[in-house]
Amino acid sequence: MALLRRALAAIGIAGIVAAVLRLRGSGGVPPQAGGWRELSGPDLR
Amino acid sequence: MGTTALVCGAGAVGARAARHLIADESFDSILVADANRKRGAAVAAALGPRAVAVDEPVVEDADLVVVATPSGKQVDLVRHAVAAGRHVVSVADSVPTVQRLLDLDAEAHERGVVVAVGAGFSPGLSCLLACHAASEFDSVEEVHVSKHGTGGPACARQHHAALRSTGLDWRDHAWRRRAPGSGRELSFFPDPIGGADCYRASLPDALLLVPNFPGVERVTARLAATRRDRLTASLPMLRRPHTEGRIGGLRVEVRGRQGSNHQTTVLGAVDRPAVAAGTVAGQVARWIATGQVTHRGALGLAGLVEPLPFLRELARSGVRAAVFEGA
């Protein structure tokens, strides 16, 4: 019984850690310079 | 004798495609078919006397078929249209459907018809932006597509399903299966979207792009998703999808060689995905009807149309691309 409880607790903790790792953080650094310009005129010739 | 187009699906994308076609003199009449007959009739009535609502999509009654039904319902209809010798424009955006439509290539060739596969926002406009960016390079090494937002409800459901299905990346000249929700990357879309975390998902863009760039080493596609999207990806959709979708964006990064230099070009677009997808599909249909598409077979837009004149015409219709400069 104790073994089963420990196994369930381990699975629960692993699940919580996995969920936190999956949901937190960000995938990179924003660009420090530059910007978007609409393609027009000469760009589309 | 004029041209008749059959538009199957009168949802957010199909209605826009039909509107684009009716505005053009190349089509004498537009037949509108939708599983929801009331909606089909309402769209046809709004388009004017040249549009007629039909109860069932009879492909033999038209010269060209625009398929804007949910991806899962497209294959049989497209197969039937090809067998009847009709050109097809499909806005399919799921990997299995795109794969099965591309498999019709030999039959479409044999019958001398075009099947434009993935002629929407992404895939579709994404493929055109990749081709346009690639035209600056002597050789293309990598193409990375990121997509933000959804069109109508069917597109939103597909977005939800894509986040729980295995993705396909092209890497080192081979297909690699990728876990959905992995590979987080912060992508910057044109304003007003800005930065959004994007993840691997079951997206068909790479399938359509790879054949057009022989020798390319990496082609990937990612989807912008929130934490809630990822956490609930394996559950049914918790909220009813937005009927028209909201603002969406595309970011296409192409890396390659110019002479001995490595260069990167980033193009993007921002629009309501359903509006942009309908405009792209309508314009492809018009190009096919007016003989501006000479290829035959089943393929994506990257191999079907000249990107520059197509993008120029799209810009006149209000779907504008942008370039990221000065990084």
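Return the FRET efficiency for the residue pair B:Lys73, B:Ser317: r is the Cβ-Cβ distance, R0 is 25 Å, and the value is rounded to the nearest 0.05. Result of the calculation: an efficiency of 0.40. Shown here for the stretch B:1-110: GluC sites (Glu not before Pro) in loop regions (DSSP other than H, G, I, E, B) with at most 15 other Cβ atoms within 10 Å, namely B:Glu25. Overall, the protein assembly as shown carries a charge dipole of about 1840 debye about its Cα centre when +1 sits on the Cβ of Lys and Arg and -1 on the Cβ of Asp and Glu, all other atoms neutral. Peptide B:221-234 has a mean of 1 when you count, residue by residue, the C-beta atoms of other protein chains within 10 Å of its C-beta. Only Lys, Arg, Asp and Glu carry charge here, each on its Cβ (+1 for the first two, -1 for the last two); on that basis chain B has a dipole of about 1260 debye about its Cα centre. Inter-chain neighbour count for B:183-192: the average number of beta-carbon atoms from partner chains within 10 Å of each residue's beta-carbon is 3.
Here the stretch B:125-273 is assigned +1 on the Cβ of each Lys and Arg and -1 on the Cβ of each Asp and Glu. Its dipole about the Cα centre then comes out at about 880 debye. When B:Val59, B:Val117 are sorted by how many other C-beta atoms sit within 10 angstrom of their C-beta, beginning with the fewest, the order is B:Val59, B:Val117. Under the shape rule built on the C-alpha gyration tensor, where the axes satisfy a ≥ b ≥ c, the stretch B:253-327 is oblate, since a/c reaches at least 1.5 while a/b does not exceed b/c.
Rounded to 0.05, the FRET efficiency of the B:Ala174 and B:Asp103 pair, given R0 = 30 Å and the Cβ-Cβ distance, is 0.90. Report the longest stretch of chain B that contains none of the trypsin sites (Lys or Arg not before Pro) sitting in a DSSP loop with at most 13 other Cβ atoms within 10 Å. The longest such stretch corresponds to B:1-238.
Once the Cα atoms are used to define both axes, helix B:125-134 deviates from the longest principal axis of chain B by about 50 degrees. For the pair the stretch B:138-180 and the stretch B:306-327, the centres of their Cα atoms are 22 angstrom apart.
Within the stretch B:25-184, antiparallel bridges make up roughly 30 percent of the DSSP beta bridges whose residues both belong there.
Looking at the stretch B:123-158, the GluC sites (Glu not before Pro) that sit in a DSSP loop and have at most 15 other Cβ atoms within 10 Å of their own Cβ are B:Glu136.
Each reported figure results from applying straightforward, stated rules to the coordinates on display, with no laboratory input. Every value quoted in this text rests on a predicted model; they were computed, and no experiment measured them. Glycine gets a Cβ as well: all are built from the backbone with ideal geometry, and neighbour counts include every protein chain shown.
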